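Undergrad: Please find one structure pasted underneath; my questions will follow.
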Amino acid sequence: MLPCVCWLQLVLILLSSVLRTRGENCPVTCLCPDPHTVDCSGRGLTRLPDEIPLDVRRLLLADNWIPSIPADFLVLYSDLVYLDLRNNSLSHIEPGTLSTSSRLVFLDLGSNNLTEIPTGTFGESRSLIKLRLGNNPYLSMVSEDAFLGLTSLRELELERNALSTLKVGALSQLPSLRVVRLEGNPWVCNCNFANLFVWLMENSHKLPNGMECSLPMDGRRVSLTQLSKDSFRECQVTLTLTDLLIIIFSGISVSVVAIMTSFFLASTVHCFQRWSKGTKGDEEESEE
């Protein structure tokens, strides 16, 4: 019986030690359900908490009032794989802020106040698999190279933002992309949308919820399935034989006019020089 009691006491001592150590490493207002998780969700934070353990792997900061992330925030957290910043007050992300975390797999920046995603925002995050950027009501611009380098990205969420157009390169540079959510944006079915439409039709299996866009004439919303390449026929620049002849004739005419103008100017200069020499000679004879 005595050995069992001693064994039980040893287990309790070890457990108490682990819990005490975990509590000491956990930020004051947060919870740490396991040694590598810090949960600060819904704590009314207006800035990032202090004393986050350096070996944190899952950092939950959703439902707070955090307005920004320091540019060097992730330099010390090289083990971080899961970062949830959903539903905060982020208005921008400094380029390079997230590129220092090469192990980051999941990133949620949804439901914030982001206005644009510039080039270099995600830099070298080659391990990133899922990126959430939806429900940012002021997000109206995504750079063509915003996601450049995210070679492992499989899921991209850009739904319910303020996007009316998007460069095809922003999506075509993602070789591992399997799912992209674009619904709920104010897309306009104009010539700026034509190239994106072609890509979306070729990759319709990656759109789980479909898409709609507004017709430029009357603003009526239509599903992409109601459109075809012919819908953007006016956006395609095609030249007929007559157009080509006009261009060729115009080019020849401009060249001829340029040559004649140059000849006229050269003749004028030459005549002026001869006249000047003749006038000078007459003056010298008059003085003699």
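Throughout, read-outs are computed from the coordinates displayed, never taken from laboratory work. Not measured: the values here are computed from a predicted model. Cβ: placed from backbone, ideal geometry, glycine included. Neighbour counts: every protein chain shown.
Undergrad: Using modelled amide H (1.01 Å from N, peptide plane; none on Pro or chain starts), what sits under 5 Å from the amide H of residue 142, excluding residues fewer than 5 places away?
TA: Residues meeting the criterion, in which the H sits 1.01 Å from N, are 117.
Undergrad: Turning to a different aspect of this structure: Going by average Cβ density within 10 Å per residue, which order do the peptides 148-158, 34-44, 222-232 take, highest to lowest?
TA: Numbers: 148-158: 19.5, 34-44: 16.3, 222-232: 13.4.
Highest-to-lowest ranking by the protection proxy: 148-158, 34-44, 222-232.
Undergrad: Show me the chymotrypsin sites (Phe, Trp or Tyr not before Pro) within the stretch 84-166 that DSSP assigns to loop and that have at most 14 other Cβ atoms within 10 Å of their Cβ.
TA: In loop regions of the stretch 84-166 (DSSP not H, G, I, E or B), the sparsely surrounded chymotrypsin sites (Phe, Trp or Tyr not before Pro) are 138.
Undergrad: Using the Karplus curve 6.51 cos²θ - 1.76 cosθ + 1.60 with θ = phi - 60°, what ³J(HN,Hα) values do you get for each residue of the stretch 195-208, in whole Hz, with x for Gly and Pro?
TA: Listing the rounded values in order: 5, 5, 4, 4, 5, 5, 5, 6, 10, 4, 5, 8, 9, x Hz.
Undergrad: Can you compute the FRET efficiency between residue 202 and residue 126 using 1/(1 + (r/R0)^6), with r the Cβ-Cβ distance and R0 = 22 Å? Round to the nearest 0.05. Let's see the in-between values first.
TA: Working: r = 25 Å, r/R0 = 1.14.
With a Förster radius of 22 Å, E is 0.30.
Undergrad: Please give the peptides 60-67, 258-265 ranked by average Cβ packing (other Cβ atoms within 10 Å per residue), highest first, as a rough proxy for protection.
TA: Ranking, from highest mean packing down: 60-67, 258-265.
Undergrad: Convert each backbone phi in the stretch 160-177 into a coupling constant with the Karplus relation 6.51 cos²θ - 1.76 cosθ + 1.60 (shift: θ = phi - 60°), then list the ³J(HN,Hα) values in order as whole Hz, x for Gly and Pro.
TA: With coefficients 6.51, -1.76 and 1.60, one gets 6, 10, 10, 7, 10, 8, 7, 5, 4, x, 4, 9, 5, 8, 10, x, 9, 4 Hz.
Undergrad: Extension gain residue 230-residue 76, at 0.36 nm per residue separation less the Cα-Cα distance, in nm?
TA: 50.1 nm
Undergrad: Under the rule a/c < 1.5 gives rounded, and otherwise a/b versus b/c splits prolate from oblate, where does the stretch 25-186 land using the Cα gyration tensor?
TA: Prolate, since a/c reaches 1.5 and a/b exceeds b/c.
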